[in-house]
């Protein structure tokens, strides 16, 4: 029981981001804001940032084990695929495998890559002489 209770707080960031993504993707198409000429770019950037943050929160859940970076990435893509499926049932919305394979994937890879590069840089700076 103690082990279970110790892992519960590690889930909070991931659950929060998953809920935010779910709420945004549950909005009917008519309720979505229009950013005029910037609409496509802003919405796809939102995909990349959202799933990048989700991948980082999964990596936090995995206790920043660098051998499990791939698992954090895979979990983010799995949630992205399930969310796109969910969107197919929302009025005025459609699901897009392109969103998952390009925008969500790239966002997760970039965020995890930036974290890994930062970790490597800190490891080199803290190495004994």
The list (1) 37, 27, 22; (2) 49, 30, 25; (3) 59, 41, 21 gives values of Cα extents along the principal axes in Å, and only one came from this structure; which label was calculated from it? (3)
What's the angle, to the nearest 10 degrees (0 to 90), between helix 39-61's Cα axis and the longest principal axis of the chain? 30 degrees
For every helix of n ≥ 4 consecutive DSSP H residues, a contribution of -39,500 (n - 2.57) applies; sum these over the chain, divide by its total residues, and give [θ] at 222 nm rounded to the nearest 500 deg cm²/dmol. -23500 deg cm²/dmol
Give the order of 40, 58, 115 when sorted by the count of other beta carbons within 10 angstrom, beginning with the fewest. 40, 115, 58
Would you mind putting 68-76, 87-95 in packing order, based on average other-beta-carbon counts within 10 Å, highest first? 68-76, 87-95
Which of the three applies to the range 1-64, rounded, prolate or oblate, going by the alpha-carbon gyration tensor with a ≥ b ≥ c and a/c under 1.5 meaning rounded? oblate
Candidates 11, 119, 38; GNM for the chain (alpha-carbon contacts under 10 Å) flags as most fluctuating 38
Per the 1/(1 + (r/R0)^6) rule, R0 = 22 Å and r from the Cβ atoms of residue 94 and residue 49, FRET efficiency to 0.05 is 0.55
Compute a Gaussian network model of the chain, connecting alpha carbons closer than 10 Å, and tell me which residue from 52, 37, 113 fluctuates the most. 37
Which of the peptides 19-27, 100-108 is most tightly packed, and how do the rest follow, judged by the mean count of other Cβ atoms within 10 Å per residue? 100-108, 19-27
For the pair residue 78 and residue 24, the simple spin-label estimate (label points 7 Å beyond Cα toward Cβ) gives in nm 2.2 nm
So what is the relative contact order of the chain, in percent, for Cα pairs below 8 Å that sit 6 or more residues apart? 31 percent
So for 117, 111, fewest C-beta neighbours within 10 Å to most, what's the order? 117, 111
Taking Cα atoms, how many degrees apart are the long axis of helix 69-87 and the longest axis of the chain, rounded to 10 and kept between 0 and 90? 10 degrees
Taking 8 Å as the Cα distance limit and 6 or more residues as the minimum spacing, I'd like the relative contact order of the range 73-113 as a percentage. 45 percent
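Bear in mind these aren't lab numbers, they're just calculated from the coordinates by the rules spelled out. Here the structure is a predicted model, which means the values were calculated and not measured. Neighbour counts are summed over all protein chains in view; Cβ atoms, including those assigned to glycine, are modelled from backbone coordinates with ideal geometry.
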